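Participant: Below: one structure in structure tokens.
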Amino acid sequence: MTFATLITNSGKQIIMDRTFNSSPTLSEPSLFQVGTGIAAPTASDTNLETPLGSPAALLSGYPIIDESLNKVTLRAFIDTATDNGENLAEFGIFNTDGPKLLFSRVIYTIIAKSAQIEIVYSEKEIF
């Protein structure tokens with residue numbers, strides 16, 4: 001069970017603000033969070049269904065913007081010490097504002113996280 005990444009209404013608000021406002025008031029998406037929720041993403045989502053921990057920084061060097069392909073690649077990493085014993089099933093991207101806005105959300109086949117598992121999430125947004 002994997003769904004395409006859905007850009008939320010808040011994500012669209014971030015895009016509009018950062019594209020058309022000469023002095024943007026919303027920060028860029030640069031944080032991620034995982035959770036255990038399995039409900040399908042909707043445009044009106046404002047958070048993950050069942051978030052774990054707090055949003056953390058994307059991997060250094062991301063996002064990568066490929067203007068020739070109209071694609072943005074984001075990457076996140078969960079190490080062997082994080083979220084062990086959890087059944088991870090959702091991933092979201094947030095900006096850094098307070099309160100943080102959910103830019104996008106996706107659910108996927110459950111990963112039973114243990115100390116033997118590291119996870120790299122690679123999200124590609126194609127416009």
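Where a number appears in this text, it was derived from the coordinates with a stated rule and is not lab data. The structure displayed is predicted, hence computed values, not measured ones. All Cβ positions, even for glycine, are placed from backbone atoms using ideal geometry, and neighbour counts span all protein chains on display.
Participant: For the chain, calculate the relative contact order in percent as a whole number, restricting contacts to Cα pairs under 8 Å that are 6 or more residues apart.
Facilitator: That works out to 34 percent.
Participant: Where does the chain land at 222 nm, in deg cm²/dmol rounded to the nearest 500, when only DSSP H runs of n ≥ 4 count, each adding -39500 (n - 2.57), divided by all residues?
Facilitator: The helix-only estimate for the chain comes to -3000 deg cm²/dmol at 222 nm.
Participant: Amide H neighbours of PHE77 under 5 Å, counting only residues 5+ apart in sequence or on other chains, H built in-plane at 1.01 Å?
Facilitator: LEU59, TYR121
Participant: So, by mean Cβ neighbours within 10 angstrom, what's the order for 45-52, 12-19 with the highest one leading?
Facilitator: In descending order of packing, they fall as 45-52, 12-19.
Participant: Please pull out the direction-averaged projected area of the chain, using the convex hull of its alpha-carbon atoms, in nm² to one decimal place.
Facilitator: 7.9
Participant: For GLU49, list long-range residues whose amide hydrogen, built 1.01 Å from N in the peptide plane, is under 5 Å from its own amide hydrogen.
Facilitator: It is GLY37, by chain and number.
Participant: Take peptides 92-98, 59-65 and line them up by average Cβ neighbours within 10 Å, highest first, as a rough protection proxy.
Facilitator: 92-98, 59-65
Participant: Compute the long axis of helix 9-20 from its Cα atoms, compare it with the longest principal axis of the Cα atoms of the chain, and write down the angle in degrees, 0 to 90, nearest 10.
Facilitator: So the helix axis and the longest Cα principal axis differ by about 40 degrees.
Participant: Can you give me the relative contact order of the stretch 73-116 as a percent, contacts being Cα pairs under 8 Å and 6 or more apart?
Facilitator: 45
Participant: Can you sort SER10, SER122 from fewest to most other Cβ atoms within 10 Å of each residue's own Cβ?
Facilitator: SER122, SER10
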